[in-house]
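Notes for the one structure printed next.
What follows draws every value from the coordinates through simple rules; no lab data is involved. Because the structure is a prediction, the values reported are computed rather than measured. Methodologically, a virtual Cβ is constructed for each residue, glycine included, from the backbone with ideal geometry; neighbour enumeration extends over all protein chains shown.
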Amino acid sequence: MAKKNKVANFKIGQVVKHKYYSFRGIVFDVDPIYSNTEEYLLSIPKDIRPKKNQPFYHLLAQNNETEYVAYVSEQNLEADLSGDPLSHPQIDEIFSGYENGEYILISDLMH
């Protein structure tokens, strides 16, 4: 019997934070299972290295020093309930606004 993929707990536009590292991010894409390189996976410290068969999130991430794109497993994320918006320079390329603690995907305006 094949394993079913886990349903993603976080959605596009949601603000999340890493459980172990001090950065926050906005979800802009979700992979149902790990789809990056083995080398990338092995670069994650063994004590927090995630399993592959869970959702992985593409984030517009930022910390106190910089902004970047991150790829993080669901097990290493939690919802950011601070309500504070982010200032990542790519936000306006993907999202049209910020309402009720979430970012609105530009394509959602077309529907």
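Reported to the nearest whole Å, the Cα centre-to-centre distance from region 7-59 to region 74-102 is 15. Legend: P(r) of region 43-111 from all alpha carbon pair distances, 5 Å bins from 0, whole percents, reading 3, 13, 20, 23, 19, 12, 7, 2, 0. Here is how the number arises for the chain: DSSP H runs of 4 or more residues each give -39500 (n - 2.57), the sum is divided by the residue count, and the result at 222 nm is -1500 deg cm²/dmol.
Of the GluC sites (Glu not before Pro) found in region 52-82, those in coil by DSSP whose Cβ has at most 13 other Cβ atoms within 10 Å are 65. By the count of neighbouring beta-carbon atoms within 10 Å, fewest first, 7, 69 end up ordered 7, 69.
Per-peptide packing, taken as the mean over residues of other Cβ atoms within 10 Å, places 24-32, 87-95, 39-47 in the sequence 24-32, 87-95, 39-47 from highest down. Between amide H atoms placed 1.01 Å from N, distances below 5 Å from residue 97 occur with 104, all of them 5 or more places distant or on a separate chain.
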